[in-house]
1. Select, from Tyr60, Tyr95, the only residue that is touching a strand residue (DSSP E or B) at 6+ places or on another chain (Cβ under 8 Å), part of a helix (DSSP H, G or I), of a type in the set (Ser, Thr, Tyr) and within 30 Å of Ala233 (Cβ to Cβ).
2. Which condition number in (1) assigned by TED's automatic domain parsing to the domain that holds Leu66; (2) surrounded by fewer than 23 Cβ atoms within 10 Å (Cβ to Cβ); (3) within 16 Å of the chain's Cα centre (by Cα) is the one that Val110 fails?
3. Anything in the stretch 224-240 that is under 22 Å from His200 (Cα atoms) and either of a type outside the set (Val, Ile, Thr) or surrounded by fewer than 19 Cβ atoms within 10 Å (Cβ to Cβ) (or both)? List them, or say none.
4. Return the residues of the stretch 250-289 that are free of Cβ contacts under 8 Å to residues at least 60 places away in the same chain and over 15 Å from the mean Cα position of the chain (by Cα); say none if nothing qualifies.
5. Exactly one condition in (1) in contact (Cβ under 8 Å) with a residue 24 or more places away in the chain; (2) out of contact with any Ser or Thr (no Cβ under 9 Å at 6 or more places or on another chain); (3) surrounded by fewer than 19 Cβ atoms within 10 Å (Cβ to Cβ); (4) at negative phi is not met by Gly187; state its number.
Amino acid sequence: MKKMAFVFPGQGAQTVGMGKEMADQFGEARSVFAEADEALGFKLSDLIFSGPEDKLRLTYYTQPALLTTSIAIYRVFAKEGFVPAFLAGHSLGEYSALVVAGAMDFSDAVRIVHARGKFMDEAVPAGVGSMSAVMGAERNLIEEICRQVTAEVGPVELANINCPGQIVISGKAEAVEEAGNRLSANGAKIVRLSVSGPFHSSLMQPAAEKLQQVLEEVEIRDAAVPVVANVSARPVVKAAEIREVLYQQVSASVLWEDSVRFMLDEGVEAFVEIGSGKVLSGLIKKVNRRIPTFNIQDPASLESVVSQLKEEG
């Protein structure tokens, strides 16, 4: 059997209706949505399945919605017996990876990410921070321009290092705009992102401090499968390490490209993306276009992926 990594998407992958076909068809998926509703004390499943979309886009609903959908899909896929060598998730998706690794209970995780979303939303007043995607610029140039602008205007930092040619910057709105202007003058394409705050920047530190208190009250166990952490692009297993990287992750860069390269260097031969959309599969292909990627988000893709993996077994 191929050496595989299972990966889980983060914010931006959400769509109204995600996971509904899985819940309609499989009891394992239905039970996860029911567990989320019970843990949160409101009908998250109704919001996921029926919208409205503008409410689902609110970060404190998006985060538990994506986690719930990924775990619902995973629970069905898990019956097939495939075992990953590594787990990883993009930002919020790291919580999905940790639940799959047995490091935390799903009911705790869904409450944590709901709180995490609120803390992130409250950390910076609306309009003070922003994020932009930078396409077609070298990482060292972006780092250098962000350093210059931070010194002259205010904080702007690399938030998501997604793949070659795609890096997201985050920080004080005017600093992000100035960095974007300078990068554009160097030939980069800049796309301003429609987000509610400057995620994965030092401006999120107040949210990290609040989250740390929540994390201290929750049972976190050693992971049964190594989880490649966003903040270090290295595997974590011990409970104390996991608690620390989740605290750091709120205001630190998401080292996604580095994480993918680490797993490839460790001999991973295929990636299975579990959850809404195919964002991570696309990013992985930009790191190494030859590596097989699979995506499971509904019954049809589940059947197709299971069939392919068994054939290649």
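The values are calculated or read from the model by the stated rules, or taken from the named source; none is laboratory data. None of the values given here were measured: they were computed from a predicted structure. Cβ sites come from the backbone with ideal geometry, for glycine too, and all protein chains shown count toward neighbours.
1. The match here is Tyr95.
2. Val110 satisfies every listed condition except (2).
3. Ala229, Asn230, Ser232, Ala233, Arg234, Pro235, Ala240
4. Scanning the stretch 250-289 gives Arg261, Phe262, Leu264, Asp265, Lys285, Asn288, Arg289.
5. Here Gly187 clears every test but (4).
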